[in-house]
């Protein structure tokens, strides 16, 4: 395809920060809600995210399925574009809390987002042809942000190495992990953003899961890795030993990397008439009795599978 250069937006090289915010588990949620509600939920999400991006001086590059890509530094450059992007990311997570309060009041499912931020040199301008073209950015920071986004948990903001280094002491971070991303020969280091110190202290809200009840269990589950939203055919059988509303602990025969995504099928021994399927991400794993004790967080919330798990826990605890 020939590159079309519109005079008002010639293609230029620039340093920019790319932000991608993506809904966790929305594909699975779509199977359990009416199409009209699905559209309403997405439109509310898109409208809120776009408003926050605009408030921080960024540009919404595009909507992609259930995600939003924004860029800071082009076409308008500010001296603090990275800090603008990081404050924007935190306000997005704060905005999701308010959005969920409104949804719960309507009796509608909650939505959770993961966010990735990547900084570096991009090419920006109008790409396409005389028939169709659009202003966008391309380059390694865009590709890396799209890969990092896939590792973000509910409510989490992950930074690339370049974003972390450029931010310096203007931010506070939590966990640091190395992951192997597609298209990279070497592991990529991811930094969890906890707070931004400028222009004022702004903290990433915590998705509270510790106060939910947990029960001790002993039943099998089938795990399948998920990569690029594709379920891999290899099945791993693990033993679930701890279960809560928003996650579980299981013993597996192999070590799953942190942040990797899985589809879990809880077997009939779970106590229900049919199998329950939920998506989850690995939080941590460690050797335990010749196996690997693995803690996972559910990414699909308010889906039929997730509701069945909650009902099962409530029945064990209170007989309800």
Is there a residue in segment 178-190 that is under 26 Å from residue 79 (Cα atoms) and loosely packed, with under 15 Cβ neighbours inside 10 Å?
-> yes
Lone qualifier among 50, 85 - being at pLDDT 95 or above and either crowded, with 23+ Cβ neighbours inside 10 Å or within 19 Å of residue 123 (Cβ to Cβ) (or both) | 85
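So that you can scan it fast, the table gives a plain yes or no per residue for (1) within 21 Å of residue 23 (Cβ to Cβ); (2) loosely packed, with under 15 Cβ neighbours inside 10 Å; (3) assigned by TED's automatic domain parsing to the domain that holds residue 285:
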position: 231; (1), (2), (3): yes, yes, yes
position: 235; (1), (2), (3): no, yes, yes
position: 248; (1), (2), (3): no, no, yes
position: 251; (1), (2), (3): no, no, yes
position: 256; (1), (2), (3): no, no, yes
position: 261; (1), (2), (3): yes, no, yes
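Yes or no, residue by residue, for (1) within 17 Å of the chain's Cα centre (by Cα); (2) outside the structural domain of residue 134 (by TED's automatic domain parsing); (3) within 24 Å of residue 195 (Cα to Cα):
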position: 51; (1), (2), (3): no, no, yes
position: 63; (1), (2), (3): yes, no, no
position: 68; (1), (2), (3): yes, no, yes
position: 71; (1), (2), (3): no, no, yes
position: 81; (1), (2), (3): no, no, yes
position: 85; (1), (2), (3): yes, no, yes
position: 102; (1), (2), (3): no, no, no
position: 106; (1), (2), (3): no, no, no
Tell me which residues, restricted to segment 266-288, are exposed (fewer than 14 other Cβ atoms within 10 Å of the Cβ) and at pLDDT 90 or above.
-> 286, 287, 288
When residues of segment 120-160 are filtered for being part of a strand (DSSP E or B) and closer than 16 Å to residue 196 by Cα, how many remain?
-> 3
Residues being in contact with a strand residue (DSSP E or B) (Cβ under 8 Å, 6 or more places away or on another chain), modelled with pLDDT of 95 or more and not in a strand (DSSP E or B): count how many of those fall in segment 161-191.
-> 7
Cross-chain or 6+ apart pairs with Cβ under 8 Å, segment 154-182 first and in the same structural domain as residue 120 (by TED's automatic domain parsing) and without any contact (Cβ under 8 Å) to a residue 24 or more places away in the chain, then assigned to a strand (DSSP E or B) and surrounded by fewer than 14 Cβ atoms within 10 Å (Cβ to Cβ) | 176/189; 178/189
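The values are calculated or read from the model by the stated rules, or taken from the named source; none is laboratory data. None of the values given here were measured: they were computed from a predicted structure. FYI the Cβ positions are ideal-geometry reconstructions off the backbone, even for glycines, and counts take in every protein chain you see.
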